[in-house]
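**Student:** Before we start, here is the structure in question, set down as structure tokens.
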Amino acid sequence: MYVKGKILRMDNTPCTFSAWMFGVYDPVPSYDINEHLYYLLETFQNKSDKILFLKEKYNLKATICICIEILGTQSPAVYFEKDILNFIHSIQAEIDIDLYAFK
């Protein structure tokens, strides 16, 4: 619930953290994270102004969180193509990369 500039839980205590999440789940393994990030870019690139407006109005933070699962010994390429970096910069977002290695 949103009341007078604060987001409240059901018990009317203020929230210290909330999130809107969008996930890209691809059952086909890929060794290039940009293949998945371009889906994110295609989905949100034309919404940059709205994202910036909401960030300003509600004092929000944008984070692109990338979770990489490594199976066996083959690790993926972790780099960002220019189009991806330009979009992340345009919405003033941070990048968080989590690596999970499984044997």
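The values are calculated or read from the model by the stated rules, or taken from the named source; none is laboratory data. Since this is a predicted model, take the numbers as computed values, not measurements. Cβ placement follows ideal geometry from the backbone for every residue including glycine, while neighbour counts extend to all protein chains displayed. Note: accessible area is taken over every heavy atom of the protein model, side chains too, but ligands, DNA and RNA are not part of it. Shrake-Rupley method; radii C 1.70, N 1.55, O 1.52, S 1.80 Å.
**Student:** When region 68-82 is examined, which residues are found to be open to solvent by less than 80 Å² (accessible area, probe 1.4 Å) and closer than 16 Å to residue 32 by Cβ?
**Tutor:** Once the filter is applied, which keeps residues that are open to solvent by less than 80 Å² (accessible area, probe 1.4 Å) and closer than 16 Å to residue 32 by Cβ, region 68-82 yields 68, 70, 75, 76, 77, 78, 80, 81.
**Student:** What residue, among those in region 13-62 that are among the polar types (S, T, N, Q) and surrounded by 11 or more Cβ atoms within 10 Å (Cβ to Cβ), is modelled with the lowest pLDDT?
**Tutor:** Checked region 13-62; the qualifying residue modelled with the lowest pLDDT is 30.
**Student:** Okay, moving on. In this structure, does residue 87 turn out to be touching a Ser or Thr at 6+ places or on another chain (Cβ under 9 Å) and either not in a helix (DSSP H, G or I) or not β-branched (Val, Ile, Thr) (or both)?
**Tutor:** Here the answer is yes, as residue 87 does meet what is asked.
**Student:** Now a separate question. Restricting to region 63-79, name every residue that is more than 15 Å from residue 44 (Cβ to Cβ) and either of a type in the set (Ser, Thr, Tyr) or at pLDDT 95 or above (or both).
**Tutor:** Result: 73, 75, 79.
**Student:** Determine the pairs where a residue that is closer than 12 Å to residue 61 by Cβ, located within region 79-97, has a partner that is open to solvent by 60 Å² or more (accessible area, probe 1.4 Å) and of a type in the set (Lys, Arg) with Cβ atoms under 9 Å apart, the partner being 6 or more residues away or on another chain.
**Tutor:** 91/47; 92/61; 93/61; 94/61
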